[in-house]
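The values are calculated or read from the model by the stated rules, or taken from the named source; none is laboratory data. For clarity, every value in this text was computed on a predicted model and none was experimentally measured.
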Amino acid sequence: MRTPALHIYLVEAENYARQVVAQWLGDQGHRVSLLATPAELLGALDADPDPTDLIIADLPPAQSQAIGQHLRQVHRRYPLIPVVLRASSTLLPAAEALHCGVHGYLNKPFRPAELELMLIRLAERQASHSLQESGSGLYHRAGFAVLGRQLLKAARRTQTPMVLLRADVDGANLEQTEAALGQLGRVVQTTFRDADTAGRVDGTDCGVLLTNIGADKTQIALTRLQQQLAAHNEKAPQGQQLAVRVGLAHFDPAQPCTFEELVARADAAMPDEGAGQG
């Protein structure tokens, strides 16, 4: 999938790293503005009358938060999606990062496959509002399947591992299903990066495709979801707590499978009905 040309601000103090990333982005047809410091970024945003599609910045957590808050307050007309490029594992928690405008993390040293998948998701996000449900904010079932097939195809080409996390609302009757799934959709979107794709899989469950994550990092994602579910249930009115069953399936680009096969594997990995978490 060829992504449309974007205008990207690249903020990186290290000259060599800045040139490597800029060269790759330029080869993909994107227009890149090179900046060395957060101060230069803010100045460029204030001076540029044209919308900027993406910011890739090497920032520590405190500056990530400050830049994100500035963008939310001052540049609401821009379709900005800040992405933090970091070698350190000291990152903002996902929910806090999303709240202040940071929508994803890239690893250093630079990995073209990781950035390519993120750009594919950005293109899908800009073009796929019609694929989303109004109540839950999730991609609807058909839309999620279309995007899932595209992402697995790209992951196979770039040899990038992925994980499908499938979450089912446990014990919901037909009248409660849509309300519960809407709540689950909001919890899922708070928990995971905007770069991860979430959508409906079936009547009472949704799935999240996690990018560039192997089996060793899966427990971190699962723990994050459990924490957000516990926080939701602590605040929810009596009778509106969520009990959720979770199943995980890994996509290995060396032994690829179809999107439908991945969904079936995640379903098979779910605990029995009545064993929901939350």
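Among the criteria (1) part of a helix (DSSP H, G or I); (2) under 20 Å from Tyr139 (Cα atoms); (3) at pLDDT below 85, the one Lys217 does not fulfil is (2). With respect to Asp168, is the statement that it is at pLDDT below 80 and of a type in the set (Asp, Glu) true? Spelling it out, it is not the case that Asp168 is at pLDDT below 80 and of a type in the set (Asp, Glu).
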